[in-house]
Structures are given as C-alpha cells and as structure tokens.
1. Taking Cα atoms, how many degrees apart are the long axis of helix 14-23 and the longest axis of the chain, rounded to 10 and kept between 0 and 90?
2. List the relative contact order of the range 65-134 as a percent without decimals, with contacts defined as Cα pairs under 8 Å and 6+ residues apart.
3. Output ³J(HN,Hα) for the range 113-125: one whole-Hz value per residue in order, computed from phi by the Karplus curve 6.51 cos²θ - 1.76 cosθ + 1.60 with θ = phi - 60°, and x for Gly and Pro.
4. If you take the beta carbon distance between ARG95 and GLU56 as r and set R0 to 22 Å, what does 1/(1 + (r/R0)^6) give as a FRET efficiency, to the nearest 0.05?
5. Pulled fully out, how much extra length does the chain show between ASP122 and ASP13, if you take 0.36 nm times their separation in residues and subtract their Cα-Cα distance?
6. About the Cα centre of the chain, how large is the charge dipole given +1 on each Lys and Arg Cβ and -1 on each Asp and Glu Cβ? Please answer in debye to the nearest 20.
7. Which peptide among 60-69, 13-22, 26-35 comes first, and what is the full order, when sorted by highest mean count of other Cβ atoms within 10 Å?
8. With a cut-off of 8 Å between alpha carbons and a minimum separation of six or more residues, what is the relative contact order of the chain in percent?
Amino acid sequence: MIAAIVPQFFSTDLHASLAYYRDALGFETQFTFGEPAFYAGAIRDGFSIFFRHVDEKPPCAGNKYEVELLDAYIRVRDVHGLHAEYAARNVEVVRELADMPWGFTEFVVKDGDGRLLCFGQDTELVAPDGRRAT
C-alpha cells in the first residue's frame, strides 16, 4: 500500500536548494547523503521533497511559465495561512490565491531553482474567512 509519494527535484547546488526550502518555504533539512553530498531531503509537516545533484539543469519547456507546467502539486490544510506566510517571506508568487473551478483553492510559487509549486486545498474545506471549515 502506498504511504507517501515524494517528489525528487534535480539541483545543480544542493546547499542552495536546501537553504531556499528552509529559509523561504519553511522546510527543514531531513538528510544529506554522500561526501560531497549528492542527495538530500527536506521535510515540512511530515512530508518530504528529495533533491539529487546534477551537473547541468535539465531542459524545460520553453513556455513552462506561460502555460504553468507545474513541478509539484502540494495539498495543504490551511492554504490561506500558508499563502500569508509565504507573502511575509517574500516568496515569488506567480499565481495568486484563488478558488479554482475544479474545486480547489490554490496559489503557485516559483522556487529558487525556477520550479513551479502549486499549493492547494479542497475549496469545500476552506471557510469564508480563510480558516479550515469543520
């Protein structure tokens, strides 16, 4: 049975990626592996993202940002609170918080390596004041 799915992101600078995820996105370094480190993990609220060192950035579609080709969709419990936290940390938001027609309230950020991360919550679980509905 599946217990979790962990995205693996490629990084040309593991230390910079881990620092961004710590300082901007509120993750903690979970582990580093190798000497020098070539594999690492970051964790927040019990969920991980793994990073693997590569010498060159993998190519991405030329219109990645125009058509919003996401690198990860991350479901959250308090989308309004997380959006406010990231605004206070000056995280680059590329799509503002909004209720989407597919039933999620979400926003999209660009991380320090240019990846697009969408954070979303089932709209029916979001109270009108932004708090989680009971």
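Only the coordinates and a few stated rules stand behind these numbers; no lab work does. Predicted, not measured: the structure shown is a model, and the values here were computed from it. Note that each Cβ is placed from the backbone with ideal geometry, even for glycine, and that neighbours are counted across all protein chains shown.
1. Roughly 30 degrees between the two axes.
2. Relative CO of the range 65-134 lands at 36 percent.
3. Result, ordered by residue: 9, x, 6, 9, 10, 9, 10, x, 9, 3, 4, 5, 8 Hz.
4. 0.20
5. 35.8 nm
6. 180
7. With the highest mean Cβ count within 10 Å placed first, the list reads 13-22, 26-35, 60-69.
8. Relative CO of the chain lands at 21 percent.
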